[in-house]
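Asks: First the structure, then my questions, so here it is.
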Amino acid sequence: YCSICKAIDAKLFSTDTVRNVICAKAIPVKIDISRDTEENKHLKNTFGIMGAPAFLLINPENEFVVARWSGEIYDLSPEEFSAILMNLMK
């Protein structure tokens, strides 16, 4: 539903460059938070999500948010974003 989310997905997350980095060390999950469900309310409250777009890198062991991005990542190239991710997921 979110036009910038779709644009970021097409520009970054759908590229082999970014996908390979993410899938090497993470489990990508895409959640539509537009619906007003109890699960979405819980996710928003737990991770401090105000709205879309919201991209989070979460440590699964302690649910710590390692990094958080919004629409600003649209300005990054797949190579730039991949480098950031590789540095964060060392």
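Asks: Report yes if ARG35 is modelled with pLDDT of 95 or more and basic (Lys, Arg), otherwise no. Write out each step before concluding.
Replies: Details: modelled with pLDDT of 95 or more: no; basic (Lys, Arg): yes.
It is false that ARG35 is modelled with pLDDT of 95 or more and basic (Lys, Arg).
Asks: Looking only at region 36-46, which residues are surrounded by 10 or more Cβ atoms within 10 Å (Cβ to Cβ) and part of a loop (DSSP other than H, G, I, E, B)?
Replies: Scanning region 36-46 gives a single hit, THR37.
Asks: Here is a further query. Taking region 1-14 only, how many residues are in contact with a Phe, Trp or Tyr (Cβ under 9 Å, 6 or more places away or on another chain) and either closer than 13 Å to LEU76 by Cα or among the hydroxyl-bearing types (Ser, Thr, Tyr) (or both)?
Replies: Looking only at that region, the number is 5.
Asks: Please name all residue pairs, on different chains or six or more residues apart, with Cβ atoms under 6 Å, provided the first residue is in region 4-19 and is in a helix (DSSP H, G or I) and the second residue is of a type in the set (A, V, I, L, M, F, W, C) and modelled with pLDDT under 95.
Replies: Note: pairs meeting the criteria are CYS5/ALA52.
Asks: Starting from region 47-59, keep only residues that are open to solvent by 30 Å² or more (accessible area, probe 1.4 Å), then list their pairs with residues that are of a type in the set (S, T, N, Q) whose Cβ atoms are within a distance under 8 Å, requiring at least 6 positions of separation or different chains.
Replies: Here the result reads ALA52/SER34; ALA54/SER70; PHE55/SER70, each pair linking region 47-59 to a residue that is of a type in the set (S, T, N, Q).
Asks: Return the residue satisfying two criteria in turn: it lies in region 1-58 and is aliphatic (A, V, I, L, M) and in contact with a Ser or Thr (Cβ under 8 Å, 6 or more places away or on another chain), and of such residues it is farthest from GLY71 (Cα to Cα). I'd like the intermediate steps shown before the answer.
Replies: We begin by selecting, within region 1-58, every residue aliphatic (A, V, I, L, M); these are 4, 7-8, 10, 12, 18, 21-22, 24, 26-27, 29, 31, 33, 43, 49-50, 52, 54, 56-58.
Pick out the ones that are also in contact with a Ser or Thr (Cβ under 8 Å, 6 or more places away or on another chain) and you get 18, 21, 52, 54.
Numbers: VAL18: 16, VAL21: 20, ALA52: 8, ALA54: 8 Å.
The residue in question is VAL21.
Asks: Checking GLU79 against (1) in a helix (DSSP H, G or I); (2) in contact with a Ser or Thr (Cβ under 7 Å, 6 or more places away or on another chain); (3) surrounded by 13 or more Cβ atoms within 10 Å (Cβ to Cβ), which single condition isn't satisfied?
Replies: Checking GLU79 against (1) in a helix (DSSP H, G or I); (2) in contact with a Ser or Thr (Cβ under 7 Å, 6 or more places away or on another chain); (3) surrounded by 13 or more Cβ atoms within 10 Å (Cβ to Cβ), the one that fails is (3).
Asks: Moving to a separate point now. Please enumerate the residues belonging to region 60-76 that are of a type in the set (Asp, Glu) and either open to solvent by less than 50 Å² (accessible area, probe 1.4 Å) or at pLDDT 95 or above (or both).
Replies: Passing the criteria: GLU72, ASP75.
Asks: Now for a separate question. Given LYS6, LYS30, which one is in contact with a helix residue (DSSP H, G or I) (Cβ under 9 Å, 6 or more places away or on another chain) and open to solvent by 70 Å² or more (accessible area, probe 1.4 Å)? Reasoning before the result, please.
Replies: Numbers: LYS6 fails: in contact with a helix residue (DSSP H, G or I) (Cβ under 9 Å, 6 or more places away or on another chain).
Only one candidate passes the filter, namely LYS30.
The values are calculated or read from the model by the stated rules, or taken from the named source; none is laboratory data. Values in this document were obtained by computation on a predicted structure and should not be read as measured data. Here Cβ is always computed from backbone atoms with ideal geometry, including for glycine, and neighbour counts include all displayed protein chains. The accessibility values were calculated without ligands, DNA or RNA, using every heavy atom of the protein model including side chains. Shrake-Rupley method; radii C 1.70, N 1.55, O 1.52, S 1.80 Å.
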